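Comments concern the structure below.
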Amino acid sequence: MSATPQLSYARSRDGVTLAFAVTGQGPPLVLVPWVPFSNLQMEYGNPVMRLVYDQLATRVTLVQYDGRGTGHSQRDVVDLSLNAVLADLEAVVDQAGLKQFSLLGQYSSCAHALAYAARHPERVRRMVLFGGSARTWDVMSANQTQALLSLIEKDWSVFADTAAHQWMGWAAGEAGRATAEAFRQAVTPQVARETLQAASATDVTAELARVQAPTLVVHRRDAPQVPIEVSRSLANSLPHGRLVILDGERPHLFLEDSDRVVR
């Protein structure tokens, strides 16, 4: 396994400092962080996730960064808007010296990837999207959002455990526990609450027609979190979208048949 990657730093338009890492060789692939959790160094301490990233790095130049307010990026932030998040992505790719690149969006970061691709078609070559939508409420209702916000208020540790095991699967064992600890260390309860509130209002459907990048919308056949109709609708709404259905039930892009997914 590779060593934990060295962190570099970029500065966003409003002065917020962003931690990022570049590994591997090949066409550049930027992993857009999904809120409210990103914690690069602790993720690389998780053997399951490290293996995934090592596999990706054999095929691409992998660019990962901690979102504002999380991980090793600046924690004391005020602006968590869509425009601020897109400015962060721009700052990282500019600091990394990338002119063109592909984007990988998961969950809430699907909308961020879509908006960036719509606004910067000359820079985004391709996209892969998993577990998300152009509208957050397509995959997370107002009641679900409120339940998560209430759990953050009542018991931050239980919230992190629940979120980690929903992502990794309840049979994840030690990997699930390591992920929960990474989540707890990634962000404060206050920032987690504020980022979830901001994400719950995100809607970039008006920008989909301007997305020119060929886009794979990936769906796990038996994963309960995202209805297949949502993934199919997103793929059909994109000028160059295609739906890819993978077998499996775990709500994670790489934890089942990772070799095939990486290819």
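None of the figures in this text is laboratory data; all of them are computed from the coordinates on show. All values reported here derive from a predicted model rather than from experimental measurement. Heads up, the Cβs are rebuilt from the backbone with ideal geometry, glycines too, and the neighbour counts pull from every protein chain shown.
For the chain, a simple Cβ point-charge model (Lys and Arg +1, Asp and Glu -1, everything else neutral) yields a dipole of about 640 debye relative to the Cα centre. Do the sum for the chain: with -39,500 (n - 2.57) for every DSSP H run of n ≥ 4, divided by all residues, what is the mean residue ellipticity at 222 nm, to the nearest 500 deg cm²/dmol? That comes out to -12000 deg cm²/dmol.
Computed across the stretch 104-237, the Kirkwood radius stands at 15.8 Å (inverse of mean 1/r, all Cα pairs).
Computed from the alpha carbon atoms alone, the convex hull of the chain holds 111 Å³ per residue. Using a simple spin-label model with pseudo-atoms 7 Å out from Cα toward Cβ, Ala201 and Glu174 lie 4.4 nm apart.
Placing unit charges on the Cβ atoms of the charged side chains and taking the dipole of the chain about its Cα centre, the candidate lying farthest along the positive direction among Val139, Ser237, Gln106 is Ser237. Karplus-derived 3J(HN,Hα) values for the stretch 205-212, using 6.51 cos²θ - 1.76 cosθ + 1.60 with θ = phi - 60°, are 4, 5, 9, 4, 5, 8, 7, 9 Hz; glycine and proline are entered as x.
Distance from the C-alpha centroid of the stretch 1-55 to that of the stretch 118-139: 19 Å, rounded to the whole angstrom. From least to most packed, judged by other beta carbons within 10 angstrom and beginning with the fewest, Glu181, Glu229 follow the order Glu229, Glu181.
Relative contact order for the chain: what is it in percent, counting Cα pairs under 8 Å that are at least 6 residues apart? Relative contact order for the chain comes out at 20 percent.
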